[in-house]
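Step one of this worksheet: look at the structure below.
The values are calculated or read from the model by the stated rules, or taken from the named source; none is laboratory data. Here the structure is a predicted model, which is why all the values come from computation and not from measurement. Cβ placement follows ideal geometry from the backbone for every residue including glycine, while neighbour counts extend to all protein chains displayed. The area values use the complete protein model at the heavy-atom level, side chains included, leaving out ligands, DNA and RNA. Shrake-Rupley method; radii C 1.70, N 1.55, O 1.52, S 1.80 Å.
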Amino acid sequence: MAEAENKSSDKATIEMIEKAAQDGARVVFERAETTRACPIGLEGSCCSICAMGPCRVMAPKGKEETAEERRKRVGVCGATPETIAARNFLRKIAAGTASHGDHGRVMAKFFLAVAKGEAPDYEIKDEQKLLQLALDFGVNIGDRSNEEIAVDVGKLLLNEFGKQEGELLFLKRAPLKRQELWRKLGVAPRGIDREVVEAMHRTHMGVDQDYKNLLLQGSRTALADGWGGSMIATEIQDIVFGTPAPVLSQINLGVLKEDEVNVIIHGHEPQLAEMMAIAAQDPEMIKYAKSKGAKGINLAGMCCTANEMLMRHGVPIAGNFLQQELAVVTGAVEAMVVDVQCIMQGLTDTANCYHTKIITTDPRAKIQGATHMEFDEHNALKSAKAVLKAAIDNFVNRGKNVRIPQQKTDMIAGFSHETINYLLGGMFRASYRPLNDNIINGRIRGVAGVVGCNNPRVIHDSVNLAMVKELIKNDVLVLQTGCMAMASAKAGLMIPEAASEYAGEGLASVCETVGIPPVLHMGSCIDNTRILMAATAMVKDGGLGDDISDLPVAGAAPEWMSEKAIAIGQYFVGSGVFTVFGVNWPTLGSKEVTDFLFKDFEEMYGGMWAFEPDPIKAAHLMIEHIDKKRKALGIDKARERVLYDMAMRRELDAV
Ligand code: XCC
């Protein structure tokens, strides 16, 4: 295997890749070397939707194609490269929307169970958010109990999935101009499941064969994720588990403890994880762990379940997506407890080299070779204790081959949209006004959302770090979620001190005044909807145009890998945000489709896609876009003045 240093910029990861090799354990970094990416699928030129194929329709490389050759470069059914690339792209959006949507549906059903008293170990924690939703949806509040109100709100939210006509309720949260645009283009989603089903139908053999029409459904489906499934999940999780507020914690494999029972919770849906946090503090459970020779129970998170636990409870994070198997490689993890999404099947093979138990808990996500212990939300604490007990029982099986990397970094998380509101404006006049003012006066150049996964096709974490550092150096405030937030946290960018070290003078001055880091952790991937809400709040506060597409903002997923990331990117683009992806781009097989997404979309949505694997170049594409928007708003001069002011200051300092 190539040098571990070439695989990650994170020391703990490098150390564990080397340990895995010594131990004979296989991990994703090795598999990525032996299994090369398929170049035909990579560019979206493989059609496998019927049994007349699969058909490959790649353009000849390095030579001009004649018109006749081009005419013949089609699938057996005659499908053109444009149709094939657009269909593949739409199917990715549908899968991503389905994943977030199914998470949202589970949360809606869970919420109803909590409201009806059928999940007695949970309660409604954020009354204010519940009442706000009730007001938004016209649900009667009167003197009814929170639970009665929650039943009505829950039914309305659950109904969003199977709705056949009309529009999703949360679309009304978007700026008015955006809503009108969606209606004009015919992309306002009707029901979450409906859009996914229609996307699957239209991409079936012999249905929609006009790439522009297919990509319209792509927007409608993705918007059903951002302003539907994901937003429903975030809102319900806040109501039941509490809306996040700033919290101090630590991140990286060094959070594992040599003398305690280490349990990692990994996946996306937080109901079990919430109960595990309670169960791990139960004196009985701690006593039981001690009876097995451990000093206590150490709970840590991985991937987005980690983000959920971090944001609300400060539970430390063991690592991001590419570190999941490496946690097992430490030899110190008694159980890796998983729910849904981003769980590598390779975990069970890695675990065979150690004592770690891989425990699946969701009926939708079983893994061959793992132990299945189904979680029952109606008996939540009991379920969580059973899982925890299995982990504790496994402590005695821990071998001698234990090595926990030392790396762990302090971080502050918990920046929900509401928290940013309070922090900036104060408890009694919460608003985005100070942010808008600082953008208008040029101290903050703009705002960027840098989100998404890790991908072993690039150097782990390094693309994110280069991009984020370049952005904050240029006075762009960075909002993060998912595994990219973790990459920045590990590198120390999520503490207030990072502002003076890495940020430009303008951004640093604002961060220092408010006491925030220059890179804000806003949560898990479904919480990208918090970024939508923050952008909407900026529009509504005034002075920066009247639509999201007017704002000096941009988005990126520099190390993306999942279909969910494509759905997220598309809902940002459809909401008016310029969005740049790294690693690779799945429609490069068709110039027409790529041009449509990269250029024509700007005319249509005010936001468009871009692909740039070089993080510095990508950051500058974002900065250029931000500057273009500043100019259109007439606030470009303000920034020049601020820079002049700083030069003047320096001159004065020198005197
Ligand atoms: Fe990607 Fe979403 Fe998964 Fe991490 S966990 S790998 S989807 S960033 Ni959400």
Heavy-atom accessible area per residue of the stretch 183-257, all protein chains kept, 1.4 Å probe, expressed in Å², is 29
Taking the Cα centre of the stretch 307-379 as the origin and placing charges on Cβ (Lys, Arg +1; Asp, Glu -1), which of THR361, VAL338, GLN324 is farthest toward the positive end of the dipole? GLN324
Using a probe radius of 1.4 Å on heavy atoms only, what accessible surface per residue do you get for the stretch 20-124? Whole Å² is fine. 48
For the chain, what's the relative contact order in percent, using C-alpha pairs closer than 8 Å and at least 6 residues apart? 16
C-alpha center-to-center spacing [the stretch 157-194, the stretch 564-578] in angstrom: 15
Cross-link pairs beyond the 32 Å C-alpha cut-off, checked among LYS177/LYS637; LYS129/LYS599; LYS408/LYS473; LYS184/LYS629; LYS11/LYS637: LYS129/LYS599; LYS11/LYS637
Magnitude of the Cβ-charge dipole (Lys and Arg +1, Asp and Glu -1) of the stretch 180-271 about the Cα centre, nearest 20 debye, reported as 580
Sum of side-chain charges, LYS617 neighbourhood, beta-carbon under 11 Å (Lys, Arg +1; Asp, Glu -1): -4
If you average the C-alpha positions of the stretch 31-49 and of the stretch 386-464 separately, how far apart do those two centres end up, in angstrom? 32
How much length is gained on full extension from LYS366 to GLN128, taking 0.36 nm per residue of separation minus their Cα-Cα distance? 82.0 nm
With contacts defined as alpha carbon pairs under 8 Å and 6 or more residues apart, what's the relative contact order of the stretch 140-255 in percent? 24
Please report the relative contact order for the stretch 489-584, taking Cα pairs under 8 Å with a sequence separation of at least 6, and give it as a percent rounded to a whole number. 19
Let me spell out the model: positive unit charges on the Cβ of Lys and Arg, negative unit charges on the Cβ of Asp and Glu, origin at the Cα centre of the chain. What dipole size does that give, in debye rounded to 20? 740
Rounded to the nearest percent, how much of the accessible area of the chain (1.4 Å probe, protein heavy atoms only) is carbon and sulfur? 52
Can you tell me how much longer the chain between SER431 and ALA32 gets when fully stretched, taken as 0.36 nm per residue apart minus their C-alpha distance, in nm with one decimal? 139.0 nm
Residues meeting the amide H criterion for VAL337 (H placed from the backbone, H to H distance under 5 Å, 5 or more places apart or on another chain) are ILE264, ILE265, HIS266, ILE359
For each pair in LYS19/LYS295; LYS19/LYS257; LYS92/LYS591; LYS295/LYS382; LYS7/LYS92, compute the distance between the two Cα atoms and list the pairs where it is over 21 Å. LYS19/LYS295; LYS295/LYS382; LYS7/LYS92
Just going by the charge dipole of the chain, with Lys and Arg at +1 and Asp and Glu at -1 on Cβ, which of GLY44, ALA277, GLY301 is farthest out on the positive end? GLY44
Span-like helices, the chain: DSSP H, alpha-carbon axial extent 30 Å or more, mean Kyte-Doolittle -0.5 or greater, which ones? 81-115
Computed [θ] at 222 nm, deg cm²/dmol, the chain (DSSP H ≥ 4; -39,500 (n - 2.57); rounded to nearest 500): -15000 deg cm²/dmol
Using the crude model of +1 on Lys and Arg Cβ and -1 on Asp and Glu Cβ, and no other charge, please compute the dipole size for the stretch 507-555 relative to its Cα centre, in debye to 20. 140
Contour minus Cα-Cα distance for ASP410 and VAL197 (0.36 nm per residue): 72.3 nm
Given labels modelled 7 Å from the Cα in the Cβ direction, how far is it in nm from GLU592 to ALA67? 1.5
